[in-house]
Amino acid sequence: MIISLILSCNNSRILVNTDGENISINREIEPVKQVEDIVNPYKLNLDKTMNKVLSFSVNNYSKNDGDYNTAIGNLMADAVLELTNPVFKDRTEKNIDMVLLNHGGIRSILPKGKVTTKTAYKLMPFENSVVVAALKGSVVFEMINYLKISNKAHPTSGLELVINADDSYEKIQIGGKAVDSEKLYYIATNDYLYKGGDRMEFFKKSDTLYKLNYKIRNVLLDYFSIHDTLNPKADQRFIKLKH
C-alpha cells in the first residue's frame, strides 16, 4: 500500500509511507490446475524441441582448457567461418579472411555425449549476430596486439599467430599468408564486439560493415546438425613459445 499526502490544489504529492509484503516464489506454492492445463502443451512441445539430438560430442570441452586457444573456442570460430562465408560470398563475391569471437561469449561447456538444441542455447544464450567488418592490415596489427596482451583464449579461425618467449612475433598469418598492412581484410565477429565490447576498440576503425542476419546460436545449431560427431582440438593457430 502507498499513502500520499496532497499538499495543494496543484496535485503535488510526497511519499510519506510504503507498506508491502515480500512473497517468495518456491516449490511450496500450490500449482493452479487451470494454469497448468494451459501451459503444459506448450511446455511439452518446447521440451521436445530443446531436447532434440543434433550431434554427439566425443569429450567434455571447456573454454578454460587452454591458455591461447581451446578446442571449444576453435569449434565455435571454425563453425562461424564454415557457415557464414558462403552467405558472405554470395552477397559480396568476397571471402571472409578470419573470425574473431570472445572468450567470455562461451557461456557453458560442451558436454560429452548427446548434443541437443538446448546445448546450443547454453553455449550461446545471447542474441548476438554475425557481422563482417572490413579492416585494413594496419588495424589488424592492432587486433594482433590486443590478442597478445589479453592473455585469453579468444576464439579465432583463419589466423595463425606464434609469439616468442620475449613477446616478439614469430608468425602472423591470415589464410596462410603474412599480414599486409595495406590490404583490406574481412573479419567476421559478432555485433557486440564490433561495437567495442570486451575492449575490442579496433573494430570501430572499420567504416564498412556487413550484417549477415545470422545469429551465432543458429550457426551452432546448423553446425551441430551438419556434423554428427564433434571432436574439436586445440591446435597451433595461436601459441606462445616458451623458449
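Below are the figures for this structure:
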{"item": "Out of S62, S55, sole residue that is touching a His at 6+ places or on another chain (Cβ under 7 Å) and either modelled with pLDDT of 80 or more or within 30 Å of P232 (Cα to Cα) (or both)", "result": "S55"}
{"item": "Residue within the stretch 32-48 that is over 14 Å from S157 (Cβ atoms), hydroxyl-bearing (S, T, Y) and outside any strand (DSSP E or B) present", "result": "yes"}
{"item": "Criterion: polar (S, T, N, Q), farther than 17 Å from F126 by Cβ and modelled with pLDDT under 95 - qualifying residue of N231, N151, N164", "result": "N151"}
{"item": "Test for V139: is it more than 21 Å from K63 (Cα to Cα) and assigned to a helix (DSSP H, G or I)", "result": "yes"}
{"item": "Lone unmet requirement of (1) more than 17 Å from G175 (Cα to Cα); (2) part of a strand (DSSP E or B) for A134", "result": "(1)"}
{"item": "Matching option when the condition is closer than 23 Å to E127 by Cα and in a strand (DSSP E or B), among Y210, Y185, Y192", "result": "Y210"}
{"item": "Filter pass, F203 being under 15 Å from D97 (Cβ atoms), in a helix (DSSP H, G or I) and not β-branched (V, I, T)", "result": "yes"}
{"item": "In the stretch 213-243, the residues that are assigned to a helix (DSSP H, G or I) and within 19 Å of the chain's Cα centre (by Cα)", "result": "I216, R217, N218, V219, L220, L221, D222, Y223, F224, S225"}
{"item": "Number of the exception - I149 against (1) exposed (fewer than 15 other Cβ atoms within 10 Å of the Cβ); (2) in a strand (DSSP E or B)", "result": "(2)"}
{"item": "Qualifying residue in the stretch 80-98 (condition: in a strand (DSSP E or B) and either buried (at least 18 other Cβ atoms within 10 Å of the Cβ) or at pLDDT below 95 (or both))", "result": "yes"}
{"item": "Per-region count, the stretch 99-123, residues part of a helix (DSSP H, G or I), under 20 Å from T189 (Cβ atoms) and β-branched (V, I, T)", "result": "0"}
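Yes/no matrix, rows are residues, columns are (1) touching a residue at least 24 places away in the same chain (Cβ under 8 Å); (2) farther than 15 Å from Y146 by Cα:
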| residue | (1), (2) |
| --- | --- |
| G176 | no, yes |
| R199 | yes, no |
| D207 | yes, yes |
| K211 | yes, yes |
| V219 | yes, yes |
| Q236 | yes, yes |
| H243 | yes, yes |
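The values are calculated or read from the model by the stated rules, or taken from the named source; none is laboratory data. On a predicted model such as this, the values are computed, not experimentally measured, just so you know. Ideal geometry is used to build each Cβ from the backbone, glycine not excepted, and the neighbour counts take in all protein chains shown.
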